[in-house]
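Notes follow the structure.
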Amino acid sequence: MNEKTILKLQLPTDPTWVTNVVESNIEEILTDHAFCEQKAASNAITLIVQNPNLSDLVQEMIALAQEEMEHFKRVHEIILARGYVLGRERKDDYVGELVKFMRKGGSRTEQLVDRLLFAAMIEARSCERFKVLSENIKDAELAEFYYELMVSEATHYATFIRLAKKYADGIDVDKRWKEYLDHEASIIKSYGKQERIHG
C-alpha cells in the first residue's frame, strides 16, 4: 500500500518511531491502541445518534462500531496474554487538534460531512501508523496483527470518504478533504515521538 497515493497523506511516519519509541514500551502502545479502537466505536455511535434518519449511514456505522469493538477486544486480549493490565485512557492531542479544525456551525449537512472527513482523517493516519508498525516491529505476533488492522483501517477510511460524498448535497468534498490533509500535515510534524498510535 502506498499511502501517498491511496491515503493522500503528505508526511510519512519515520520508521524509527517504532524502533526507538514503541519497542521500548509495548504495554503503553497497546493501552493507547485499545482506547483508539474504543473511541472509533464511540464516534460511529455518535454519528448514529446525530443522524438517525439516514438509514444507510446508521447501518454502516452499526457494522463499523461492532468491528471497532472487536478490535478493542482483540487488543485487550493481547494485553492480558502478555501479563499486562489495560491502563487508563491517554489524552490524544493529535485528535484534539483535528477536532478544532472541524467546522463549527453551518448546516446539518455541512456538519455531517465535516465529521465524516474528520473520521476519515483519523482512520487514514491510523492505517499509515499500522503499516509502519507492521513493517518495522520485531515482534512477529504484533507485526501480523498490525498488518491485518492496516487493511481494516484503509477500508474504514474509504467508507467515511464515500459517505461524505454521498451526503454532500453540493458541498465540494474533495476541496474540504484537501484542507484537512493540509491541516494534518501542519500538525503531524509535532508527533511520532511518543508511544501513542497518533503520538
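Of the set (1) modelled with pLDDT under 95; (2) exposed (fewer than 14 other Cβ atoms within 10 Å of the Cβ); (3) in a helix (DSSP H, G or I), all apply to residue 169 but (3). Checking 140, 154 one by one, the residue that is surrounded by fewer than 19 Cβ atoms within 10 Å (Cβ to Cβ) and not basic (Lys, Arg) is 140 and no other.
For residue 106, are the conditions met, namely being within 22 Å of residue 61 (Cβ to Cβ), at pLDDT below 95 and surrounded by fewer than 21 Cβ atoms within 10 Å (Cβ to Cβ)? Taking the combined requirement at face value, the residue satisfies it. Anything in the stretch 17-29 that is surrounded by 16 or more Cβ atoms within 10 Å (Cβ to Cβ) and over 15 Å from the mean Cα position of the chain (by Cα)? List them, or say none. Listed by number, the residues that qualify are 17, 18, 21, 22, 23, 26, 28.
Restricting attention to the stretch 86-104, the residues that are of a type in the set (A, V, I, L, M) and either out of contact with any helix residue (DSSP H, G or I) (no Cβ under 7 Å at 6 or more places or on another chain) or in a helix (DSSP H, G or I) (or both) add up to 3. Scan the stretch 116-130 and tell me whether some residue there is of a type outside the set (Gly, Ala, Ser) and over 13 Å from the mean Cα position of the chain (by Cα). No - not one qualifying residue is present in the stretch 116-130. Taken over the stretch 1-16, residues that are surrounded by fewer than 18 Cβ atoms within 10 Å (Cβ to Cβ), part of a helix (DSSP H, G or I) and modelled with pLDDT under 90 amount to 3.
The values are calculated or read from the model by the stated rules, or taken from the named source; none is laboratory data. Given the structure is predicted, the values throughout are model-derived calculations rather than measurements. Heads up, the Cβs are rebuilt from the backbone with ideal geometry, glycines too, and the neighbour counts pull from every protein chain shown.
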